[in-house]
Structure formats: structure tokens, C-alpha cells
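Heads up, the thing below is written out as C-alpha cells.
The values are calculated or read from the model by the stated rules, or taken from the named source; none is laboratory data. Note that the coordinates shown come from a computational prediction; the quantities given were computed from them, not determined experimentally. Every residue, glycine among them, receives a Cβ derived from its backbone with ideal geometry; neighbour counts consider all protein chains shown.
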Amino acid sequence: MRQEVNLPTLGGRQFWADTRWALGWRIQRHCWTGHYRLLDASDRRHTFGSKTHCEEALLAELGDSWADAVPADTHFVVLLHGLGRSRHSFSEMKQALIAEGFTPIDVGYPSTRASVAEHALGVDGLLTQLGSDLPGQHPVSFVTHSLGGLIARRLLEGTPCDERWNGGFQVNRLVMMAPPSTGAALAESLQHQFWFRLLLGPSAQELPPEQAAVIPLPELPFGVIAGIRGDEKAEGWNPMLEGEDDGIVALAETRLPGMSDFLVVNSLHTFVMSEPKVLLAVPAFLRCGIFEPPKQKWWVYVLLSESSNSPFTYVGIALDVEKRLAQHNGLSPGGAKATRARRPWKVAATYGPYANRSEAQAAEAVVKKYKGLARLNCTQP
């Protein structure tokens, strides 16, 4: 059965799992019926039926070569929500990442309907398909909330990630917000309650400490953000938990050996991903490996091709011009498609520094109005 429609979805987010993602469009599978549906970037359903039918409809909408429109320096960020939540809980984080130049993939999965390993397998399949679709290799990071941290750890275990997902990704960093890293004592105390098992499903049974302990530690740089009440008594929100907590997970339960950085904010568990301080800290960690880096300065750079007698130039912006030059010359992943043909390139001029990305982009637009070698002698834009 299939239907050609363009209608908003009716919810039911605890029953649908994303199986394919493309430019914000997604194909989802219903965890009970097994049928599929195609949603656009505005969450409107365009068709449903078999997997093959939805994939054909996706390509009809975007075109067979849709992946060629993805810039070579795109840095993907996979967002994994918590237990009982949906991908929409990351709406503010998603916008913060977009503003910083990342491309978020807000994965939807039925968190109360399957185990941690099954959820990880589903995300693995989505990344395998996307890695096959994309030309070249792209950096990918992971940002999680609560249960999503355990799923990311399960996903990233085993075979080195750079050898997986059809070679489409180079794994960068991981941020876990309010994770039950060493298990959740609250889940342990409730695991035998009928309503707990009924409402929260198989994944909730893996939250007690003895289950969480068997999930391997991340082997990539990772940071943890924890919520606390932050009052003078340091007793937390939940009297059932010892010490500080976010109402669901104790502060001590969030820590893991090998953390690159650890950030504590005053927040309840449910809202930690929307805290203003967190919205700044997560993109900073993905770029620099620390949550509160020193003030950074942006530069506008002009490259000049060394392989042509004609004055071919390229204009871009970067925090680290030398690192960006290596990417353009193919020495590391992430160079722009426009600079592939006339390598090698050299830095012929720089303008700046600028206090933020927006100021640098405005200056970049001014320099781009010039042509050829005239770009090397602009008045400071």
C-alpha cells in the first residue's frame, strides 16, 4: 500500500525510526507495522508504503545526484536524543550548530521500543547509507542527551569508524549531555516496577549500573556536560539520589574515565541541551576539544593557484588558515570542491582578524567582489 500526499505527521514519534537521511529529508520505518514513510525537511509526509517506493520517491524529489550539492568541507553532527524524547528536543541545539557552520543530522528513533544495541544498529545503517551516498569523506561528530550517550558508545565500539560506513566519514568528537555514564541508580530502583517496564521499554532496563558498565568507553575525544541544582546544600533536585543531580541522573553518574573536558551547568535533566551556556559550549568542543576555549579570531584568506599561469584565486574564511590550506591542497579531509582542480595552492593574502564568523563572512563577501589578483590588495574590508 502506498499514498502520494503532502500532509503534516500525526506524531507517534515513539514508533518511527529514521533509516535514511538526505538534505534534511528522511525515510522512516514504523517499528510495529514495518512500513515506511518519506518526510521532507519540514516534517511533512510525502508518501508511504514499501522501502523501495519511499527511496524512489526521495530520489524523484531530490534527484539522483543530490549528494553532489553537499560541500566537501561539510562537518556532520549526529544528534541522538534521550529516552522517551524525540529529535525535536534538539531544536535549539540544531540551530546553534547550523549557526556555527555544522550540518546536524537529528536522528529520530523509537527510544522506548528497542534495546540500546538495536538503536545503535539502526543509526549504523543510516550512516552506512549516507556514507555510500556522499562523494569523498566528511568529518562527523556526535552530540547526545541522556540515553543517547549509551547508544553512541555502543555505536562507536568495535571496528574503527573510519573503516565503516562505506568510508564516508572521519570521526571527530563526541559530546554527551546528562548521560547515565556509569548507570542510573534511579533506574535501578525502579526497574522492577511494572509501569516502568511498560512505559520506558527495553532500553530502560539497560540503565542500571551493572548493565551500563558493560558498554565500552569511547575511543575518540569526548566531553561530558552534567546538570545540577547548584544550591548551597549541594543536595540536588531528587531526594532519592545521593549528592548533586539533575533530577534523573546523579552528578557522579555522568563522569567517565578519559574525558577531555567536563562542564557542569545549573539545569534539570530534561532541559540541559537548551541551556544558553550549553548551546555555546557544544560547538566549541566540536571544533577545539574544550567547552570554553579562549577567544578565537577569524580570518579572510585569498589563495593563489601555483599550477596555472593564469591568476586563479579562491577566497574563504577560517580560524586556522594553515590548517585550511592543507585541506584545500588535499593533505587532509575537508577541502572545497572549487579548489580541487588547480592544486597546489598558496596563501597570497589575509585580512583580519575578525571577532566572529559573521564579521568574517561580511568581509569575505567584500573581497569576493574583486577578481583575480585584485583580491590581494583590497583595502581592509
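For the stretch 33-70, a residue qualifies if it is exposed (fewer than 15 other Cβ atoms within 10 Å of the Cβ), in contact (Cβ under 8 Å) with a residue 40 or more places away in the chain and within 16 Å of Ala17 (Cα to Cα), and exactly one does: Ser50. Scanning the stretch 347-381 for residues that are loosely packed, with under 14 Cβ neighbours inside 10 Å and at positive phi yields a single hit, Gly372.
Is it true that some residue in the stretch 43-52 is at pLDDT 95 or above, within 23 Å of Pro135 (Cβ to Cβ) and in a helix (DSSP H, G or I)? Scanning the stretch 43-52, I find no residue that is at pLDDT 95 or above, within 23 Å of Pro135 (Cβ to Cβ) and in a helix (DSSP H, G or I), so the answer is no. Here Ala17 passes the criteria (1) buried (at least 21 other Cβ atoms within 10 Å of the Cβ); (2) over 20 Å from Leu150 (Cα atoms); (3) small (Gly, Ala, Ser) except the one numbered (2). Taking the criterion of being over 27 Å from Phe291 (Cα atoms) and either small (Gly, Ala, Ser) or in contact with a Pro (Cβ under 9 Å, 6 or more places away or on another chain) (or both), the residues of the stretch 156-167 that qualify are Gly158, Gly167. If you check Glu322 against the conditions, is it charged (D, E, K, R), closer than 26 Å to His138 by Cβ and either exposed (fewer than 15 other Cβ atoms within 10 Å of the Cβ) or touching a strand residue (DSSP E or B) at 6+ places or on another chain (Cβ under 7 Å) (or both)? Yes; evaluated as a whole, the condition is true for this residue. Scanning the stretch 233-245 for residues that are closer than 15 Å to Thr182 by Cα and of a type in the set (D, E, K, R) turns up Glu242, Asp245.
There is no residue in the stretch 226-241 that is of a type in the set (Asp, Glu), touching a strand residue (DSSP E or B) at 6+ places or on another chain (Cβ under 9 Å) and buried (at least 19 other Cβ atoms within 10 Å of the Cβ). With respect to the conditions (1) in a loop (DSSP other than H, G, I, E, B); (2) closer than 21 Å to Lys323 by Cβ; (3) out of contact with any helix residue (DSSP H, G or I) (no Cβ under 7 Å at 6 or more places or on another chain), Pro293 falls short on a single one, namely (3).
Out of the stretch 331-381, which residues are in contact with a helix residue (DSSP H, G or I) (Cβ under 8 Å, 6 or more places away or on another chain), among the hydrophobic types (A, V, I, L, M, F, W, C) and not in a strand (DSSP E or B)? Within the stretch 331-381, Ala336, Val367, Cys378 qualify. Ala185 passes every criterion in (1) touching a Phe, Trp or Tyr at 6+ places or on another chain (Cβ under 9 Å); (2) at pLDDT below 95; (3) crowded, with 21+ Cβ neighbours inside 10 Å apart from (1).
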